[in-house]
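Below is one structure; the comments refer to it alone.
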Amino acid sequence: MTVIYQKITAVWPKVSFLAKPITIILALSLLSAATNYLFSGTPRNSSYSAKNIDSKIRYFDDFSLFEAISAEAQTIILDARDPRLFAFGHIPGAVSFPATEASTRAEIFLKSVEPGSIIITYCSEKFCPLAETLAQALIEHGAGPIWVFTPGFDRWQESGRAVSYPNTDSHSTDNPKANNPNTDNPNTDNQNTDNPNIDNK
């Protein structure tokens, strides 16, 4: 550093008055670029830069589009919230994949995903960062693009759309213990529990 400083000191008086500001700007630009490179949060030897990750995330807030995408056979819906919130209700078809476990589960999860599958992540609401965090982790492990449903579960439920609960196929938004009338599922009870004296035929 001392040698470089001595050389700059020797050359600087010879630089013309008009060229000095340009030289300073160029030097500051190079310094800024070097600082960003050395201290950025993205690993320098990572195959995915922050720009590449952002380009593979598809943010959307259209409920109709969500329903259209989720109707596809190869669509996977991931609930990035805490499992305890998932247990109190989630979007139908979603599976619990907490963003806090993304770094340890992403690689194993993606091995089970069929090529061409569409992955949607969501969390509680638009200011919740968990859906994006999960999407970024999946992309870093080779997935993409990932669709992030920004309204989240809260807006989904507020819209009056169907809600599911663990161990049932019930889509009732009023009663998490409501029975599913679908007789295809042997784990659900199709009897009327409101009045034990009435037989369900």
message = Suppose we filter ALA162, ALA178 for residues that are hydrophobic (A, V, I, L, M, F, W, C), at pLDDT below 90, over 17 Å from the mean Cα position of the chain (by Cα) and in a loop (DSSP other than H, G, I, E, B); which single one remains?
response = ALA178
message = Kindly evaluate ARG84 against the criterion of being closer than 21 Å to THR133 by Cβ and either of a type in the set (Lys, Arg) or at pLDDT below 95 (or both).
response = yes
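Table: residues versus (1) on the phi < 0 side of the Ramachandran plot; (2) touching a Phe, Trp or Tyr at 6+ places or on another chain (Cβ under 9 Å); (3) crowded, with 16+ Cβ neighbours inside 10 Å.
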{"position": "ALA68", "(1), (2), (3)": "yes, no, no"}
{"position": "ARG84", "(1), (2), (3)": "yes, no, no"}
{"position": "ALA87", "(1), (2), (3)": "yes, yes, no"}
{"position": "HIS90", "(1), (2), (3)": "yes, yes, yes"}
{"position": "CYS123", "(1), (2), (3)": "yes, yes, yes"}
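The values are calculated or read from the model by the stated rules, or taken from the named source; none is laboratory data. Source: prediction; values computed, not measured. Here Cβ is always computed from backbone atoms with ideal geometry, including for glycine, and neighbour counts include all displayed protein chains.
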